[in-house]
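**Student:** Provided herewith is a single structure, encoded as structure tokens, for subsequent inquiry.
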Amino acid sequence: MTGGLYTQLLDLACGAFLLAAVIVLWRRELAAIVRVFALQGIALAGLAVLLGAHEQRGDLIGVGIGIGVLRAGVLPYLMRRALTTPTRDRRHDGHGGAENRETQPLVNVAASLLTAALLTLLAYAVARPLTELNPTPATRALPVGLAVVLIGFFVLVTRRRAPAQAVGFLLLDNGITATAFLATSGVPLIVELGVSFDVLLAVLVLRILTTRMREAFGTTDLDDLRELHD
């Protein structure tokens, strides 16, 4: 792979990775958010495979394939199962549509997109000293990983539905993983396996909690649950 082709493909993968995080802020339907997260998993896997192919590291290519299976296949499947689990309210009155939408986020779509732009600029400003130390194509893309970390945290704290907050947590983890790949040209296989196992376990727990919440209260809106507590 030539240097020019590698740089172009890396920029394409990073652009798709960042764009997916921004689209999560734009969409309201939880099922669509999960699909966008799956596409981001494909972009992250492509990023790892590109780094492995450029450095001729078979272990890194294997890590990229594993990331694609987990973050573009297994995790979105578990999230979709959590969204389609029938509840008593949906079986009896059929009003399940609103439960599968992020109807009232704490920050509206326009303000969220503006915040995403500001967070991306902040990521580029923070990462500038690091990129100047070793200006390779991978390190120049480092701000993309940091921007997704910030956007994931923003999604986590501004969404009211538990599934949307779970996606925010997964965006945060994807951003951390991408930052590690771009900053160090890949992480050891055992480290990535350990992190992936922890993320899978966390999603399984979140799926169980979300299902129990919907069965017990008919909603996954955390504000409604706080009102019940009060």
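**Student:** Looking at the stretch 32-42 only, could you name the residues that are in contact with a helix residue (DSSP H, G or I) (Cβ under 6 Å, 6 or more places away or on another chain), of a type in the set (Gly, Ala, Ser) and surrounded by fewer than 23 Cβ atoms within 10 Å (Cβ to Cβ)?
**Tutor:** The answer is 38, and nothing else.
**Student:** Where residues in the stretch 100-135 are touching a helix residue (DSSP H, G or I) at 6+ places or on another chain (Cβ under 9 Å) and not in a helix (DSSP H, G or I), which of them is surrounded by the most Cβ atoms within 10 Å (Cβ to Cβ)?
**Tutor:** The selected residue is 102.
**Student:** Can you find even one residue in the stretch 43-55 that is modelled with pLDDT of 90 or more and farther than 19 Å from residue 139 by Cβ?
**Tutor:** The answer is yes; a qualifying residue exists.
**Student:** Quick check on my filter: what residues within the stretch 1-31 are buried (at least 19 other Cβ atoms within 10 Å of the Cβ) and either closer than 14 Å to residue 145 by Cβ or in contact with a strand residue (DSSP E or B) (Cβ under 8 Å, 6 or more places away or on another chain) (or both)?
**Tutor:** Within the stretch 1-31, 10, 13, 14, 17, 18, 20, 21, 30 meet the criteria.
**Student:** Please tell me if residue 147 is farther than 23 Å from residue 40 by Cβ, of a type in the set (A, V, I, L, M, F, W, C), modelled with pLDDT of 90 or more and out of contact with any Pro (no Cβ under 8 Å at 6 or more places or on another chain).
**Tutor:** Against the criterion (farther than 23 Å from residue 40 by Cβ, of a type in the set (A, V, I, L, M, F, W, C), modelled with pLDDT of 90 or more and out of contact with any Pro (no Cβ under 8 Å at 6 or more places or on another chain)), residue 147 does not qualify.
**Student:** Search the stretch 174-188 for residues that are at pLDDT 90 or above and pair each with any residue that is charged (D, E, K, R) and in a helix (DSSP H, G or I) when their beta-carbon atoms are under 8 Å apart and the residues are at least 6 apart or on different chains.
**Tutor:** Note: pairs meeting the criteria are 174/71.
**Student:** Sticking with this one: Tell me which residues, restricted to the stretch 1-40, are among the polar types (S, T, N, Q) and either in contact with a Gly (Cβ under 7 Å, 6 or more places away or on another chain) or in a helix (DSSP H, G or I) (or both).
**Tutor:** Within the stretch 1-40, 7, 8, 40 qualify.
**Student:** Exactly one condition in (1) closer than 29 Å to residue 5 by Cβ; (2) without any contact (Cβ under 8 Å) to a residue 12 or more places away in the chain is not met by residue 111; state its number.
**Tutor:** Unmet for residue 111, out of (1) closer than 29 Å to residue 5 by Cβ; (2) without any contact (Cβ under 8 Å) to a residue 12 or more places away in the chain: (1).
The values are calculated or read from the model by the stated rules, or taken from the named source; none is laboratory data. Since this is a predicted model, take the numbers as computed values, not measurements. Glycine gets a Cβ as well: all are built from the backbone with ideal geometry, and neighbour counts include every protein chain shown.
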